[in-house]
1. With surrounded by fewer than 19 Cβ atoms within 10 Å (Cβ to Cβ), over 28 Å from residue 109 (Cα atoms) and either modelled with pLDDT of 90 or more or in the same structural domain as residue 105 (by TED's automatic domain parsing) (or both) as the only criterion, which of 56, 63 stands out?
2. Quick check on the range 75-88: of everything there that is farther than 19 Å from residue 125 by Cβ and assigned to a strand (DSSP E or B), which residue is nearest to the chain's Cα centre (by Cα)?
Amino acid sequence: MKYLVVAVGCALLFCSVMVNAQKKKISVSPPDKSLVSEAEVLVMVGGEDVNQDSVDIKLNNVDLRDKVRYLGSMAYVALTLNKGENRLLVMNNGQVEKQLTYLFQENEPPPKGYTRFIFHDAFLNSGCGDCHDLEMKPFDYKNIVYSEEAISLCLECHDDRLQAKYIHGPVGAGICTPCHDPHGNERQFLLTRKGNSLCEICHEKERIQKHLTKLQETKAGSSTSCLDCHDPHGTEKKFHLK
């Protein structure tokens with residue numbers, strides 16, 4: 001009998017672990033412990049388990065469920081933060097998924113434990129409709145609507161990037177999102193990666209390292225960054241040299 005009880009207990013524990021393992025996690029942006037410089041922010045909640053009316057959000061114990069809007073498997077809500085720390089509780093299908101803290105303060109460096117989150121102005125000011133077709137049924141966030149052509153979207157605001165004589169290929173094609181997050185993140189210029197790893201999205205890592213090693217052996221000195229010599233958007237010189 002003793003062994004039967006132990007066996008049943010182990011079986012129940014295994015089932016519980018399996019259920020939790022199979023549960024699909026959701027993502028929230030901005031992430032926990034974000035410092036923001038704006039009182040008015042947009043929070044996105046995404047995941048395969050997110051569906052119409054499944055998300056409930058509470059900001060500082062105030063229920064905002066009625067303000068949540070949906071785009072397929074993505075929910076978003078506009079928040080007005082108080083000065084200082086703000087507590088955010090995110091629930092999906094009745095289950096607590098995330099408990100986050102946002103710090104709203106202007107023109108101050110992030111305190112220990114916090115990371116500054118930078119919103120893309122276009123996203124923060126205009127929301128989703130400028131880029132995504134909100135009338136699509138069923139909605140697919142990967143499908144994007146453009147006012148003219150695909151390459152025009154980013155360039156509607158950043159057309160100055162096309163003024164150089166030698167333009168970096170992705171810029172000329174209007175392919176900006178491999179390098180820049182269109183919504184926001186914690187990196188300057190909303191870059192999707194740090195340092196040379198950004199260039200490695202298209203350029204082979206070994207080739208970059210070989211090039212940098214060769215430069216360090218010449219008059220160029222101890223250059224370790226591609227941006228020391230190249231402009232990622234374009235310049236008046238070949239190879240986008242500065």
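The values are calculated or read from the model by the stated rules, or taken from the named source; none is laboratory data. All of these numbers come straight from a predicted model, not from anything done at the bench. As a convention, Cβ positions derive from the backbone with ideal geometry for all residues, glycine included, and neighbour counts pool all protein chains shown.
1. Values: 56 fails: surrounded by fewer than 19 Cβ atoms within 10 Å (Cβ to Cβ).
Testing whether each residue is surrounded by fewer than 19 Cβ atoms within 10 Å (Cβ to Cβ), over 28 Å from residue 109 (Cα atoms) and either modelled with pLDDT of 90 or more or in the same structural domain as residue 105 (by TED's automatic domain parsing) (or both) leaves just 63.
2. Taking the range 75-88 as the starting set, the residues that turn out to be farther than 19 Å from residue 125 by Cβ are 75, 82-88.
Of the ones still in play, those that are also assigned to a strand (DSSP E or B) are 75, 84-88.
Numbers: 75: 14, 84: 23, 85: 22, 86: 20, 87: 20, 88: 18 Å.
Only one residue tops the list, namely 75.
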